[in-house]
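J.: Okay, here's the structure, questions in a sec.
Readers should treat all values here as calculations from the given coordinates under stated rules, not as data from a laboratory. If you're wondering where the values come from, they're calculated on a predicted model, not measured in any experiment.
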Amino acid sequence: MKKIFITLVFLTLFGIDLFACSGCTDSAIAPVESAEAIAKYNQEESQIAKQISQIKSYFDKAIAQVEEQNLKENENLNALAKNKALKEQKEGFIIKTQNQIQGIINNIEGQ
């Protein structure tokens, strides 16, 4: 019993030093592990940045294509509106001319 008690006291007194990092045998591993972790983190960050750059490039190309298509459609719509206005002017001119001709015919018949 005395041996157990002495062993417990001994472990209690010197056990604190067993868990302290002042004399740990693996204390040199921490800087190496952290350097590896930082390197891996930086590598993955650069891969993510590269993928983001590729996605951005894809979207930039798609946006440019859509904008170009929109400009063409705008030009087509403007041409259609112009053609519609010209057609309405033409129809108005034809109706006006027909009315003038009908008026002349009516005047001739009335004499």
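J.: What's the lysine pair count for the range 42-111 at a Cα cut-off below 21 Å, pairs eight or more apart or interchain?
T.: Counting lysine pairs in the range 42-111 gives 8.
J.: Each residue of the range 58-71 in order: what ³J(HN,Hα) in whole Hz does its phi give by Karplus 6.51 cos²θ - 1.76 cosθ + 1.60, θ = phi - 60°, with x for Gly and Pro?
T.: Ordered by residue, 3J(HN,Hα) equals 4, 5, 4, 5, 5, 5, 4, 5, 5, 5, 5, 5, 5, 4 Hz.
J.: Could you run the Debye sum over the Cα atoms of the range 42-111, one equal point scatterer each and no solvent, and tell me log10 of I(q)/I(0) at q = 0.19, 0.21, 0.22 Å⁻¹, two decimals?
T.: -0.85, -0.90, -0.93
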